[in-house]
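The values are calculated or read from the model by the stated rules, or taken from the named source; none is laboratory data. A quick note: this is a predicted structure, and the numbers were derived from the prediction, not measured. Heads up, the Cβs are rebuilt from the backbone with ideal geometry, glycines too, and the neighbour counts pull from every protein chain shown.
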Amino acid sequence: MNAHQEKLVKLIQQAGTRYESWKVFSDFTNMMACAISTHCDLRTREEREEQYLHTIKSYDKETQALFPQMCAELVLALDDGATTGHYEDVLGQTFHDLGVENKWKGQFFTPIHLSDMMADLSFEGFDKHIKERGFASICEPACGAGSTILGFLNAFRKQYPDRGFDTFVVHAGDVDERCVHMCYIQLSLCGVAAVVEQRNALSMELTGGIWYTPFYIYRGWEWRELSAYHREQEKELSQGCQEVATKKESPEEAAEDEQLSLF
């Protein structure tokens, strides 16, 4: 735990003296996700602004003043990762440090060192995807707070220290709304182009909102992905037409066709 994350935990606990810590943490991630989204996604701005105002009004003035401080400490904690070259799962660790697991169905998030190890072991084929599509797509259907994606960012920075995060896009999801908020916040603050959905990974049912990070919107990733999809479809169609055109008809098939034509 770095100093800023420690301060974040203390601020949530301070607010938790009047309100339960699990509620404060949940509302904090909800409001911060809404605040980020309203500045970049015009499609959901009004709805999420109302959601933010409805949540903040449930607290007294003294407690309201603590939320901007929480936001500042979270930003600084993640900024340490950008400085040192290693991102930590700040919100996932904060969740456990607060001891609110029982309030959320006994959830436990993947430790960042384990995510780092998995990313290092599976980090291959990246350049191939970039060569074929112009970018790589990272999919995490059960993202939690985003630990495994942060592990990928750490592996990426080790493999490509001179590259930015504009060569890949992340598609993440989770069935829990709070996890969606946590993952969305951390990927947004890390400068990652991502779409985070509240979705059941087994049934693929969309059960809640879709959250687009600022870098996904501002860098035109919706257009980039759509263009890549159309290029792939055109390539498949072209290959299919070429196979049909070059296919040689066997003598047996020709004789059969001629016999059928007599009838």
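Key figures
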| item | result |
| --- | --- |
| Meets criteria (in a helix (DSSP H, G or I) and either among the aliphatic types (A, V, I, L, M) or farther than 28 Å from His86 by Cβ (or both)) for Leu53 | yes |
| Contacts under 8 angstrom Cβ, first residue in segment 176-192 being more than 20 Å from Gly164 (Cβ to Cβ) and modelled with pLDDT under 95, partner among the hydroxyl-bearing types (Ser, Thr, Tyr) and not in a loop (DSSP other than H, G, I, E, B), 6 or more apart | Arg178/Ser26; Arg178/Thr29 |
| Number of the condition not met by Asn154 [criteria: (1) out of contact with any Asp or Glu (no Cβ under 7 Å at 6 or more places or on another chain); (2) at pLDDT 90 or above; (3) over 24 Å from Leu226 (Cα atoms); (4) polar (S, T, N, Q)] | (1) |
| Residue check, Tyr87 over 28 Å from Ser203 (Cα atoms), without any contact (Cβ under 8 Å) to a residue 60 or more places away in the chain and not basic (Lys, Arg) | no |
| Filtered residues of segment 24-50 (kept if assigned to a helix (DSSP H, G or I), more than 16 Å from the chain's Cα centre (by Cα) and among the hydroxyl-bearing types (Ser, Thr, Tyr)) | Ser26, Thr38 |
| Residue among Pro111, Pro141 that is out of contact with any strand residue (DSSP E or B) (no Cβ under 9 Å at 6 or more places or on another chain) and surrounded by 15 or more Cβ atoms within 10 Å (Cβ to Cβ) | Pro111 |
